There are 2 protein chains.
Amino acid sequence: MDRCGRLEDIPLFEDLESEQLQDLAQILKKQNFTRGQRIFTEGDEGNGLYVVDLGQVKIFKISPAGKEQILHIFGPGNPFGEIAMFAGESFPASAEAFTDCQVLFFSRHGFLECVRKDPSLAFNMLAVLSRRLRKFAALIEDLSLKEVPGRLAAHLLYLSEKDGAGDKVKLEVSKGHLAALLGTIPETLSRILAKMNRQGLIEVNGSTILLLDPDGLEDLAEGEVKLT
Amino acid sequence: MDRCGRLEDIPLFEDLESEQLQDLAQILKKQNFTRGQRIFTEGDEGNGLYVVDLGQVKIFKISPAGKEQILHIFGPGNPFGEIAMFAGESFPASAEAFTDCQVLFFSRHGFLECVRKDPSLAFNMLAVLSRRLRKFAALIEDLSLKEVPGRLAAHLLYLSEKDGAGDKVKLEVSKGHLAALLGTIPETLSRILAKMNRQGLIEVNGSTILLLDPDGLEDLAEGEVKLT
DNA sequence: AAAACCTTTTGACTTAAATCAAGGGCAACT
DNA sequence: AGTTGCCCTTGATTTAAGTCAAAAGGTTTT
């Protein structure tokens, strides 16, 4: 989705009564942010729900030492800031514009009203939250039980599946950001890419990566083999 | 909560119409498990929702090498297995009886029917999922951005807050399990406890830990100081 | 009380990944 | 063309934490 022309094109708002769509359209406010601009910060009080309309938004945590763990990079159609709506009021992580972007903002009260009225919206929201829990569970598993090569292999396979583009994967983020997504640092990522390259698992060309040995990557991702 | 006598005592079912409570009571099935018994395994098809009635249930991931990351230890009143209900069908992690336990099981179809009928149930479910997302986000932060002493310090402070028992914390799980909860191994945990002891941060007596220097622990948890 | 079992601790060692520091490649701008 | 700045890579080193092995404490069983 390149842009959310109509509300009903947003997965979260699928199958909604047109009455609710109108209500939502009423309370919606568009906001613009430039690349790098902070949308909200961990700990801030959450006053509503955001949906990416245009561009990309990064959800992340950062340590005092400055190391960053990216939790999500959301594109058009993805809601964020929802946790604060349903549990407590503070944001559990920070959000900033990953690219110049436009977001739709729905006030807490108005949105909750709509959820209460339309079971479809509640269901869609439950589906969104469940998918994110699943994704987080996978990330926790990666961080706790896998080493960086395993995480990288899993990520590459995930990308190749998602894009359906065969064995050629095009990174849509810089390698530095990929490192933050994998819970490591650029230097380590660089070394591991080089090592995988040497071993004939992949072929790296700038931000294009050719998966030469998907089975080998699978073994790495499963933790059955080590990258020697 | 020591046991869920009535459904309406379960937070998830708070504020429900009595009609829905009756529906739920209809479809509910009680199941018993003995300590260590598997309830379901990651990847299994999810056919319904569980709620702990008696005892404790462990939700976890395990690596091929046998290292375990515990995601939750749930006591009475806590639902689990819900992600498979709302997003995809497979369980994202495994569940086993942490103690002998009894769980309530609600079939997928019947439960979804209730959610559709009663907005309160949807809301309660959204709150549950949101709280878990928040908890997972914190765990990801810990694993990615903090070292083990920081995680341990954070956990101890969390326990002391939760129990409200001043500065004396009683571990309800073995140190081995605490290690798996923190994403490390017993040896490492043991060493770090000993080190914190030596530095006068805590005083360990079996499974009772006295927090001698909460501020120092706070600094550790925030990553502002290192345990030398 | 002895045996068997499980948990925890301690020590010596290895290893994965972070840190520190420097250099290389590439694009944008002047 | 040259400079600036950014991103990426490479090398040397440090460090946190995992591994392996053994011993010490406890608890339950027989």
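A quick yes/no check of all residues on (1) within 15 Å of DNA strand D (Cβ to nearest atom); (2) of a type outside the set (A, V, I, L, M, F, W, C); (3) part of a helix (DSSP H, G or I):
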{"residue": "A:ARG132", "(1), (2), (3)": "no, yes, yes"}
{"residue": "A:PRO149", "(1), (2), (3)": "yes, yes, yes"}
{"residue": "A:ALA154", "(1), (2), (3)": "no, no, yes"}
{"residue": "A:LEU157", "(1), (2), (3)": "no, no, yes"}
{"residue": "A:VAL169", "(1), (2), (3)": "yes, no, no"}
{"residue": "A:VAL173", "(1), (2), (3)": "yes, no, no"}
{"residue": "A:GLY176", "(1), (2), (3)": "yes, yes, yes"}
{"residue": "A:LEU181", "(1), (2), (3)": "yes, no, yes"}
Do we find that B:LEU143 is out of contact with any strand residue (DSSP E or B) (no Cβ under 8 Å at 6 or more places or on another chain), more than 16 Å from B:ILE73 (Cα to Cα) and among the aliphatic types (A, V, I, L, M) in this structure? yes
Looking at B:LEU178, B:LEU143, which is the one that is within 8 Å of another protein chain (Cβ to nearest Cβ), surrounded by 18 or more Cβ atoms within 10 Å (Cβ to Cβ) and modelled with pLDDT of 95 or more? B:LEU143
Against the definition (aliphatic (A, V, I, L, M), surrounded by fewer than 20 Cβ atoms within 10 Å (Cβ to Cβ) and away from DNA strand D (no atom under 15 Å from the Cβ)), how does A:LEU212 come out, yes or no? yes
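State whether one or more residues within region A:109-120 are assigned to a helix (DSSP H, G or I) and hydroxyl-bearing (Ser, Thr, Tyr).
Let us first name the residues in region A:109-120 that are assigned to a helix (DSSP H, G or I), namely A:109-117, A:119-120.
Next cut, hydroxyl-bearing (Ser, Thr, Tyr) only: A:120.
There is at least one residue in region A:109-120 that is assigned to a helix (DSSP H, G or I) and hydroxyl-bearing (Ser, Thr, Tyr).
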Filter region A:146-167 down to the residues that are open to solvent by 30 Å² or more (accessible area, probe 1.4 Å) and out of contact with any helix residue (DSSP H, G or I) (no Cβ under 8 Å at 6 or more places or on another chain), then identify the one that is nearest to DNA strand C (Cβ to nearest atom). A:GLU147
Keeping to region B:46-78, report how many residues are open to solvent by 40 Å² or more (accessible area, probe 1.4 Å) and either more than 14 Å from chain A (Cβ to nearest Cβ) or not in a strand (DSSP E or B) (or both). 9
Within region B:79-118, can you find the residues that are on the phi > 0 side of the Ramachandran plot and open to solvent by 30 Å² or more (accessible area, probe 1.4 Å)? B:GLY88
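Go through region B:170-206 and give me each residue that's touching an Asp or Glu at 6+ places or on another chain (Cβ under 8 Å) and within 14 Å of DNA strand C (Cβ to nearest atom). So that I can check it myself, show each step before the final result.
Applying the first criterion (touching an Asp or Glu at 6+ places or on another chain (Cβ under 8 Å)) to region B:170-206 yields B:170, B:180, B:182-183, B:197, B:200-202.
The answer is B:LYS170, B:ALA180, B:LEU182, B:GLY183, B:ASN197, B:ILE202.
The values are calculated or read from the model by the stated rules, or taken from the named source; none is laboratory data. Model, not experiment: these values are computed from the prediction. Here Cβ is always computed from backbone atoms with ideal geometry, including for glycine, and neighbour counts include all displayed protein chains. For accessibility, only protein heavy atoms count, side chains too; no ligands or nucleic acids. Shrake-Rupley method; radii C 1.70, N 1.55, O 1.52, S 1.80 Å.
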